[in-house]
Each structure stands twice: as structure tokens, then as C-alpha cells.
Amino acid sequence: MKLTARELWRRPDTRFLILFLAILGVSFFVIALNFVNNAFVVPYTTFVAKMSGVALALLGEDITVRGVVLSSPRFAVTIYNGCNGLVTSLIFISGVLAFPASLSSKAIGVVGGLLSIQLINLIRIVSLFYIGIYLPQYFSQSHIFIWQSIVIVAGVALWVIWANFYGVKAIKRN
Amino acid sequence: MRRFLRRLPLMLVIAMVLWLAMRPVLDWGVSAFGQVLVRSFEYPRVTRIVPEEHRAEVRRADFRADSKIPTLSLTEIHFNTIVLLALYLALPKPGSKHQLERLFMSWCILFLTQTINLVLHVKFIYAFSLGEWSLAQYSDLARNFYGFLRYFTDLPGRFGFPFMIWLGFNWELLTASLGIEDQQDSPKKKGRKPRS
């Protein structure tokens, strides 16, 4: 059977992938623009650094936050784009928006997912800070493949949980 | 679906162990195929990508003898293999013939994305990091082109491709686990026979 664009669009799996890629592409194009980066991404990353500083201070660290740099007498770390949870959040949001569900379900998914991913990212930053203090020889590996893998898999798990609760209900009602 | 979520943390650990074991092979594979792709589109063919301690050294035959050699982290390029493996291992019957075939095809596609990401990193080095030579060889349009593609395959690509590929190959399995019926196959009019 010859696959036309219409056939691809009618299939739920290819429709999801097309929508997912389109939403992902547009959202990352938008945040790549200089004025969006300056107006949103940088202040957002600064906010993530501040929240991490608050968490570390609550754990007893003598922490100073300057912009996106977290420093203490024992260790310092800079939070870049890619470490602020924004990438995973946008991928998660693209998955929610591309999957068949009601608008209210998608709104719940977006808000709930964003908060959950930011919490996971906060735990990640705090743990990496302590790994940098106590196990510095493992910092690079922990940062690159351990925590990045955990965050991505956590994002997928959150999406599966959302799809199970909200995607299913919407399709059965239809 | 609960079983999938319960298995996922353990499968993530197993996937990390498997990836660590395969890391030298992945380093070599991504570097070798990346070199083939870069050399296929350059004349003269001067680029060599050499894996060294989990980094890729980008060597050119026309570099001066005293030039520093740019390097790229191969770990960052192919660590997302862990995610693909973990997602597959957490599904039911991961050792079945059907699932192994799907895993193989998925991995091939992911490997291709990893290699393209490496190639774009190499082109980014050439377009931005070699001073006057870069400005002479690459136009503003070319630099923006490679810059954007590298950015896209770095951030959303590395993080999103394993999920997309896994979902694309396992859509029916996943939607069945979620209890979603495929509404597309239902006849729309009364008395109309469903298509075979």
C-alpha cells in the first residue's frame, strides 16, 4: 500500500511523531532566538540557580549564588542551558501536546509535568554539588551519563503516567 | 503499565552497565562512521576522527604540526543509548524475537542520529573555531546552518530521539498497555463492512 501524507496523518502513531517533532522543533527554535534567550532562558536559569542555592542553604551549605553560579568554600558549579531542566520540560510538553487528550488534560499534564521535572532537576543539581565535594573524580560521569539518563527516563515515565490517566480517559469518551 | 514503571529503575541501572561495557565499541563505531560521512562531503578528504579515552580527536591532514587538536566528548554523543536500552528492557518480553528485532532497528536509527550529531560537531568546529580559515571557508549562512543543526541535535535531539524512536516502534504495544483502542479501524457508517 502506497503511503500518502494523508495516510500517514490518519495513523495515530505517525501523527503523534509528526506533531511531536513539529512542536519540539518550533519550541527549540523559539528559545534559540537571542531575544527569547535573554528575556526568558537566562532569567529562568538564574531562578533555577537561586532555588538550588536555597536548597543547599537549607542543607547547611555556606552557599553564594551569583547569576547562574553556585559557589561555596568547598565547591562551585555553573548551571547552563541544558542543565536547567528546560530541555526535558519542552520534550515532555511536546509529548503531552502531541498525544490525543482533552485540552484540560493537556493543561494538567503540562503544569504537573513541569513542576515534577523541576523537582527532579533540583535533586540532580544538589546531588551533583555534593558529588563534586565528596567524590570529585566521579563528577563528570555523574553529570553526563548518570543524571542525564535519569532525568530523560523520568520524563518518559511522567509522560506514560499522564497518558495512562488522562490520554486514555479522553479517547474512551470520544 | 504499572509493571513497566516498576521495572524501569532497575532496567535503567542494567542499561547503564551494558552501555559501560559497550562504550569502547560505541566510541569506535560512532567515530568511524562519522569520519566516513565527513570525508564523503569534503574535498580533499583530510579529516580523521580518532577515538582516544572516550573523546574524539578531530585531526586534519592539512593542520600545521604544532596545531592543537580539537576534541569532542564521545560520552555526550552516545550516552542516550542508555535511555533506549532502559525503555526497551522495561517493556514486556524484551528477549522475544519481535522485541529484539525492534531494538536492533531502533538502535540503528539512534546510532545514525549519534553519528550525525558528531558530524555536525565537527562541522561546527570547522565553521567557528579555526579563526581566519573558518571565516574564509564558511559563509554566515553556512555557519548559522551548522550552528542551528548542532544545537538541535545536541539538546532536543540527544534527549528526545530515544523516546521518539522507542515510541515509534512500540506504539501498538504501548497504547495496548494504556488500554487505548485503535478508533481508526472502526467502521463509520451503519452496515458498512470493516476493511480487511
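List pairs: first in segment B:82-93 and farther than 9 Å from B:Met11 by Cα, second at pLDDT below 95 and not in a helix (DSSP H, G or I), Cβ under 7 Å, 6+ apart or cross-chain?
Correct list of pairs: B:Leu91/B:Asn170.
For B:Phe159, work out the one condition from (1) more than 14 Å from chain A (Cβ to nearest Cβ); (2) touching a Ser or Thr at 6+ places or on another chain (Cβ under 9 Å); (3) within 24 Å of A:Asn34 (Cβ to Cβ); (4) of a type in the set (A, V, I, L, M, F, W, C) it doesn't fulfil.
(1)
Take A:Leu158 and decide whether it is in a helix (DSSP H, G or I), within 13 Å of the chain's Cα centre (by Cα) and within 12 Å of chain B (Cβ to nearest Cβ).
yes
So is B:Leu103 modelled with pLDDT of 90 or more and not hydroxyl-bearing (Ser, Thr, Tyr) or not?
Taking the combined requirement at face value, the residue satisfies it.
Here's a check for you: in segment B:102-153, which residue that is charged (D, E, K, R) and touching a residue at least 40 places away in the same chain (Cβ under 8 Å) is surrounded by the most Cβ atoms within 10 Å (Cβ to Cβ)?
B:Lys123
Only residues that are hydrophobic (A, V, I, L, M, F, W, C) and part of a helix (DSSP H, G or I): list them for segment B:47-76, please.
Result: B:Leu74, single match.
So, restricting to helices (runs of 4 or more DSSP H) that lie completely within segment A:1-99, which ones have at least 2 residues that are aliphatic (A, V, I, L, M), away from every other protein chain (no Cβ under 14 Å) and over 17 Å from B:Thr153 (Cα atoms)?
Ranges flagged: A:42-58.
Assess whether B:Arg7 counts as being surrounded by 15 or more Cβ atoms within 10 Å (Cβ to Cβ), out of contact with any Cys (no Cβ under 7 Å at 6 or more places or on another chain), farther than 30 Å from B:Tyr126 by Cβ and of a type in the set (D, E, K, R).
It is true that B:Arg7 is surrounded by 15 or more Cβ atoms within 10 Å (Cβ to Cβ), out of contact with any Cys (no Cβ under 7 Å at 6 or more places or on another chain), farther than 30 Å from B:Tyr126 by Cβ and of a type in the set (D, E, K, R).
Quick one: is A:Ser140 part of a helix (DSSP H, G or I), among the small types (Gly, Ala, Ser), within 13 Å of chain B (Cβ to nearest Cβ) and closer than 25 Å to A:Ser71 by Cα?
yes
When the residues of segment B:77-100 are filtered to those that are part of a helix (DSSP H, G or I) and of a type in the set (Ser, Thr, Tyr), which remaining residue is nearest to B:Phe159 (Cα to Cα)?
Looking at residues that are part of a helix (DSSP H, G or I) and of a type in the set (Ser, Thr, Tyr), I get B:Thr81.
Does A:Phe129 count as aromatic (Phe, Trp, Tyr), surrounded by 17 or more Cβ atoms within 10 Å (Cβ to Cβ), assigned to a helix (DSSP H, G or I) and at pLDDT below 90?
No, not satisfied.
Show the residue pairs that are 6+ apart or on different chains and have beta-carbon atoms under 6 Å apart, the first residue being within segment B:1-30 and of a type in the set (Lys, Arg), the second being crowded, with 17+ Cβ neighbours inside 10 Å.
Once the first residue is of a type in the set (Lys, Arg) and sits in segment B:1-30, its partners that are crowded, with 17+ Cβ neighbours inside 10 Å give B:Arg7/B:Ala90.
Against the definition (in a loop (DSSP other than H, G, I, E, B), surrounded by fewer than 21 Cβ atoms within 10 Å (Cβ to Cβ) and in contact with a helix residue (DSSP H, G or I) (Cβ under 7 Å, 6 or more places away or on another chain)), how does B:Pro44 come out, yes or no?
No, not satisfied.
The values are calculated or read from the model by the stated rules, or taken from the named source; none is laboratory data. Just so it is clear, the structure is predicted and the values come from calculations on it, not from any experiment. Reconstructed Cβ throughout: ideal geometry from the backbone, glycine too, with neighbour counts over all protein chains shown.
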